[in-house]
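Notes follow once the structure below has been shown.
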Amino acid sequence: MNYLSKLTVISVFTLSYSVFAADTNINDRLIEFKGTLSSINEELSSQRANIGELRAQSNYQEKVNREILNELKSLRRQNQAVIDSLYSKEPNGDNKVVDIKPIKDYDLKTPDGKMIFGEDEFFYIKEADAIIDARIDTGATTSSLSAQDITEFERKGKKWIKFKVVANDRTIEVEAPFVRYSDIRQASSKETIRRYVVSLNIKVADYATQSEFTLHDRSRMQYALLIGRSLMQDIAVVDVSRDHVQGKPVSNNDAIPLLILSRDDYEDAKKKGKNPNELYDKKKESKAGQIAYPQQEFGNSIGTDSKNALPLVQAKKEQKASE
């Protein structure tokens, strides 16, 4: 109970005692008592409104302070870029004035060229043909992707894994080459859980690579994708005060991949009547019936457009169609 509430209770009890002790005309005093209570309630309502205003101003000020901090960080990175560009060291140790390098990327990269990741970033997964909002987790060694209905099958004598990614009221069917098993020990139990690890082709900003992902049902979690240290090491640093620093990866063609948001962002979009995949759905309707073909033996997907296949795969497909 805060100070204002305590003061109100004390006032009410004091007033009640004085009313009933001072006069035998209870009805008149009750009317006066009710009027006083109404006045107190109006004052309390006014105080609550003032407190609400102060809280709103406090939240706004906190947001402003965060924006100012981010701007200062950006300026610091750009200043460092200028210094690095003006002076470089020759092998003999002498300073040499060089041309100033462009500094526009220093908000996205460190002076030594590493990408800057925020608390979460967008990653394109080629096998799913989807851009997925991912949580950056420096505490996790291996990255993880949400998966349901996991089954094994064989392709060209090698083990492959088929699974479904269920998120944002969408179901994506994915096939990927099996790499190994990962034994996970739960904090609340001494038993270990064996999970599949597959290799997936991913892209963040303009950087593309293959990386390992454990498969685990994350449908009840905020993010369908988690990025661990094994993918980030040597290529990125993390600034948890920022998010979506790198933006959405750009496609090499006119294809529009599916967009999977975090649970809160997706629910917020639904409440506002927005469909994050409106363009994707329209594109899909106009190209119904297309399927994805393997791009190479290791299992890279080519998305929904078979024209992007390697020449050998495309030639086999065309030859089969002509027979």
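Throughout, read-outs are computed from the coordinates displayed, never taken from laboratory work. Nothing here was measured: the structure is a model prediction, and the numbers come from that model. Glycine also receives a Cβ, built like all others from the backbone with ideal geometry; neighbour counts cover every protein chain displayed.
With R₀ fixed at 35 Å, the C-beta to C-beta distance from ASP243 to LEU54 puts the FRET efficiency at about 0.80.
The label point for ILE68 and the one for GLU191, both projected 7 Å from the Cα toward the Cβ, are 5.4 nm apart.
Note on LEU279/THR171: beta-carbon distance plugged into 1/(1 + (r/R0)^6) with R0 of 25 Å gives a FRET efficiency of 0.80. Cross-link check: pairs LYS162/LYS284; LYS159/LYS270; LYS248/LYS274 evaluated at a Cα-Cα cut-off of 28 Å; pairs beyond the cut-off: LYS159/LYS270.
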